[in-house]
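Here is the structure we will look at, set down as C-alpha cells.
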Amino acid sequence: MLPNRSRTSVLVFLLPPLLLYCAAVLFPILQSLFLSFFSWNGISEMEFVGLANYVRMLTADDIFWRSFFNALLYLAICLVLQLGGALVVASLLTSLRRGRELIKTLYLLPAVISTVAIAFLFVRIYSIDPVGLLNQLLHWVGLGSFERAWLSDVNTVLAAVSAPEGWRFTGLYMLIIYAALIAVPKELEEAAVLDGASKWTLFTKIRFPYIRPVWITTTIMATTYGLRGFDIPYLMTNGGPGQSSELLTTYMYKTAFTSTDFGYASTISVFIVIECLVAVGLILFMLKRKADS
Amino acid sequence: MKKLFRAAAVAAAAALALTACGGGGTASDPSNVSPTGEIKPREISWLLSRPADGAVINIMKKLADDYAKEHPGFALNLITTPDRPSYIQKLETLAAANKLPELFDTDATPFAQELAKQGKMVDAHKLLKSLDVYDDYRPGALDYQRFDDGSLYMIPFQFELEFIWYNKALMEKAGVSVPKSLDDIPAMCTALRNAGITPIAIDGQDQWPLERYVAYQPFREAGPDFVQKLKKGEASFSDAAGQKTVKWMADLGKAKCFQEGFSAQGYSDAQNQFTSGQAAMYNIGTWELPSLATDKLNPEVRDDIDFFTLPTTEGSVTAANEFVSPSGIGMAVNSKTYDPLVSDFLKFALEKYPAEYAATGALSPTTNVQTAIPANATPLYKKALETANTLGDKQAMPWDTQLDPTTNGRLQQELVLLVQGNITPEQFTKTMDGAIKQNAPKFFK
C-alpha cells in the first residue's frame with residue numbers, strides 16, 4: 001500500500017494520459033453514439049430519428065449482415081494465421097540451435113512494410129492476366145485447374161484479402177510468443193522429460209500453461225486488430241466483387257464518406273465498438289474458465 | 001473515480017452540443033457576381049481533383065504567377081487529390097465542416113446540388129455572363145456541368161470525347177468488323193474470344209469504366225432523360241430501356257467481353273493490355289490522346305489503332321454523333337469567400353486560359369481557340385479533334401455523376417456481379433430498383 005502522499009502524486013501523473021485517452025477515444029465514441037440517433041448528410045439540418053437507424057441496421061440492411069459475417073470470417077482467418085502460425089513458428093524456433101536471429105528477422109519483415117505496398121504486392125501475386133505468382137506456382141506443381149482470378153472470384157476473394165493481413169503480423173506475434181516460450185524455466189521441462197513426458201505433453205502441460213497470460217494478451221490484440229481490419233481489403237478490392245469482401249469497417253467508411261450518411265455510419269460504428277467489447281469479454285471468459293478447470 | 005467519469009461525461013456532452021451548434025455560417029448572396037470594393041490581394045486556395053502535373057494545373061499556376069506580378073501578395077494555392085473517390089470524401093468532409101476554400105472542384109452531383117441550394121456556390125451562369133465569356137463556351141461543355149433544372153454552378157476547364165479505340169489487326173484476325181449496333185458487341189466478343197483475343201480491356205478497379213457501359217443502351221433506347229428519371233425513382237430498371245441494358249450487360253459478361261479478373265485490374269493494366277496488342281477494344285476519352293495518338297504509342301500496334309464512336313441501335317432515339325462528351329470535373333466558386341479579388345482573378349484567368357490550354361494539344365471547353373496538334377501526333381489525333389466539330393446536341397451523361405452516392409456505390413458493385421455471372425438479371429433488377437427506392441428520396445426531395 002502506498003502512503004497517501006504518493007498515491008496523490010500517482011493520480012496526478014495518471015491524469016494527463018487519462019484526459020488524452022478521453023479526448024481521443026471516449027469522446028469520438030460518445031459522439032458516434034450521439035450521431036447514431038440522427039439522420040445527417042453533413043450539410044443538411046440534423047434530423048432526430050430515434051432508433052430508426054438501429055432498426056434499419058438490424059432488420060433491413062442486407063449489406064450490413066453480409067459484411068458482419070465477412071468480418072467474422074476475416075477475423076477467423078487472421079487469427080488462425082497470426083496466432084496459430086506464430087505459435088508453430090515460435091515453438092520450432094526454440095528447438096533451433098543456430099540462425100534464430102536471422103529467421104526471427106525474416107519473419108518480422110512484413111510487419112514493417114507499408115500497408116499500401118503489401119496491398120499492391122498481393123494484387124500482383126493473385127493476378128491471372130498477366131499471370132501472378134500464385135497462379136504460376138499452381139501451374140508449376142500441376143494444380144493448373146486451381147488457377148483463377150483470386151480477387152474476382154466471389155468464393156475466394158475473402159480468404160485472399162485476409163491472408164495478407166494474417167501473413168503480415170505473424171512475425172510480430174511470433175516474436176512475443178517466442179519471448180514467452182524461452183522464459184519457461186528449463187528445470188520444469190527437464191523434470192517433465194525425466195518423468196517420460198512426450199513432446200506434446202510437454203507443450204500442453206508445461207509450456208502452454210506457462211505462457212497463458214501472454215497468449216491471452218496476444219489473442220486480445222490480434223482479435224481487436226482483426227475486427228477493425230480495414231486497409232488491406234479496402235485497397236485490394238474495395239469490398240468487391242459485389243459485397244464479397246466488404247467488412248463492417250469498410251462498409252461503415254463508405255456509408256460515412258461516400259454516401260455521406262453520417263448518422264447511419266455512426267450506428268454501424270457503435271455496433272463495431274460493442275462487437276469489440278463482446279469479443280474481448282468472450283476471450284477473457286473462455287480463457288479464465290479454461291484456467292480454472 | 002466515479003466523480004471523474006461523471007465530469008468527463010458532462011464535458012463530452014457539452015462539447016457535443018457545441019459542435020452541433022457550430023455547423024452554420026453565413027453565406028453571401030450567390031447571385032451577386034460582381035462584388036464592389038477594393039481588390040485586396042491575399043492567398044486563395046483551389047481544392048481540385050486533376051493530375052498534379054497536368055495541363056490545367058500547370059496553366060493555372062502560370063496564370064496565377066502572372067496575376068501576382070500585378071497584384072503583389074496574391075497567391076493561388078492548388079491542393080490536388082487526383083484519386084476521385086478520395087477527393088470526393090475530402091470535399092464532402094470539408095463541406096460538412098463548412099470549411100470549403102475559395103474554389104473547389106465538383107461534378108454536377110446531387111451533393112453539389114444541395115450545396116448550390118444552400119447558396120454556398122456562386123451562380124456560374126451569371127458569373128460567366130458578367131465576365132463576358134459565356135458565349136465562348138461550347139454549349140455541350142456547359143450542359144455537362146448543369147444540374148437537372150438547367151442551373152449552372154460549375155465552370156468547365158476541359159472538353160473530352162469518349163471513343164471506343166480498337167485494334168484493326170486483331171479484329172481482322174477474328175473476322176469481325178466495327179459494330180454497326182451496340183447489340184452486335186456480344187457476338188463480336190465471342191468471335192474474338194474464339195480467336196484467342198481479349199475483346200475489351202477495362203479498368204475494373206476504378207468502377208466508373210464499367211458503369212459507362214450500363215449507360216449506353218438506355219441512352220440509345222430512351223435518350224438522356226432516362227437516367228434523370230431513374231435516379232429519382234420515376235423510371236426503373238424494370239422498364240424496357242432498363243431491362244435492355246441489364247440484359248445487354250449480362251450478355252457482355254456471358255460472351256466474356258472483358259479480360260479475366262478485370263474487377264481487380266487498374267487503369268494502367270487495362271491500357272497496357274490494349275497498347276501491347278492483347279486486347280481488341282478499349283473505351284477511353286480524348287484525355288489519352290497523348291498516349292494513344294502520338295509516337296509514344298507502342299510502334300507494333302501504332303498503325304493498327306483506330307477508334308469508333310458509340311454505336312447506335314435499331315430505333316435509337318439519339319444520333320450517331322451523340323455520345324459521352326464530358327467537360328470533366330467543374331470548378332465551383334465558394335460564395336462565402338467570393339470578393340473583388342476572387343472575381344478579378346477569375347476574370348483574368350478565364351480570359352487567358354483557353355488559348356494556353358489549346359496550345360497544349362487539348363480540346364478547350366470554348367470554341368474561340370484552335371487546338372494545336374503536337375508534332376509527334378499520328379493522323380488519329382486530328383481525326384479525334386475534328387469529331388468535336390460534328391457533335392450533336394444531346395450527350396450521354398456518366399451515371400456516376402447522376403445517381404445518389406449510395407445507389408451509385410451499389411450499382412457499381414452489382415454490375416461486377418452481373419457481368420461475372422454471379423447474379424441473374426432478375427436479381428440485379430430487383431436489388432437496384434430496391435436501392436433506388438430506398439436512397440433516392442433522401443437526395444431528390
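Taken together, the values in this text are just the output of simple stated rules run on the coordinates, not laboratory data. Bear in mind the structure is a predicted one, so any value in this text is a computation, not a measurement. So basically every Cβ, Gly included, is an ideal-geometry build from the backbone, and we count neighbours across all protein chains shown.
Within 10 Å, Cβ to Cβ, of B:Met432, how many net charges do the neighbouring residues add up to if Lys/Arg are +1 and Asp/Glu are -1? After counting each charged neighbour, the total is +1.
Ordering A:Phe13, B:Ile88, B:Leu48 by Cα displacement along the dipole of the protein assembly as shown toward the positive end leaves A:Phe13 in first place; charges were set at the Cβ atoms of Lys, Arg (+1) and Asp, Glu (-1). Relative to one another, the C-alpha centroids of the range A:165-233 and the range A:29-54 are positioned 43 Å apart.
Rounded to the nearest 20 debye, the dipole size of the protein assembly as shown about its Cα centre is 3260 debye, using +1 on the Cβ of Lys and Arg and -1 on the Cβ of Asp and Glu.
Exposure proxy for A:Val193, B:Val301, A:Val112: other Cβ atoms within 10 Å of each Cβ, ordered fewest to most, give A:Val112, A:Val193, B:Val301.
Three principal axis extents of the protein assembly as shown based on alpha-carbon atoms, in descending order, are 94, 68, 51 Å.
Could you please state, rounded to a whole Å, how far the C-alpha centre of the range A:80-111 is from the C-alpha centre of the range B:126-191? If we compute the Cα centre of each part, the gap is 56 Å. For A:Val49, the residues whose modelled amide H falls within less than 5 Å of its own, excluding neighbours fewer than 5 places apart on the same chain, are A:Phe38, A:Ser39.
Estimated purely from DSSP H runs of n ≥ 4, each contributing -39500 (n - 2.57), the mean residue ellipticity at 222 nm for chain B is -14500 deg cm²/dmol once divided by its residues.
Applying a length cut-off of 30 Å (Cα extent along the axis) and a mean Kyte-Doolittle floor of -1.0 to the DSSP H helices of chain A leaves A:157-181, A:262-292.
Over the C-alpha trace of the range B:34-119, radius of gyration and Dmax come out as 14.5, 39 angstrom. Multiplying each eigenvalue of the alpha-carbon gyration tensor of chain B by 5 and taking the square root yields semi-axes of 39, 30, 20 Å, largest first, rounded to whole angstroms. Of all DSSP-defined beta bridges confined to the protein assembly as shown, some 60% are antiparallel rather than parallel. Against the empirical 2.2 N^0.38 Å (N residues), the range A:51-292 has a Cα radius of gyration ratio of 1.18. Peptide packing for A:85-95, A:154-164, B:226-236 was compared via the average number of neighbouring C-beta atoms within 10 Å per residue; ordered from the highest value, the list is A:154-164, B:226-236, A:85-95. Counting only other residues whose beta carbon sits under 11 Å from that of A:Met252, what net charge do I get with K and R as +1, D and E as -1? Value of the local net charge: 0. From helices alone, chain A scores -21000 deg cm²/dmol at 222 nm; the rule is -39500 (n - 2.57) for each run of n ≥ 4 DSSP H residues, then divide by the residue total. The mean number of partner chain beta-carbon atoms within 10 angstrom of a residue's beta-carbon across peptide B:409-421 is 4.
Among A:Cys276, A:Cys22, B:Cys189, a tally of other beta-carbon atoms within 10 Å of each Cβ gives an order, fewest to most, of A:Cys276, A:Cys22, B:Cys189.
Only beta bridges with both residues in chain B are counted; by DSSP, about 60 percent of them are antiparallel.
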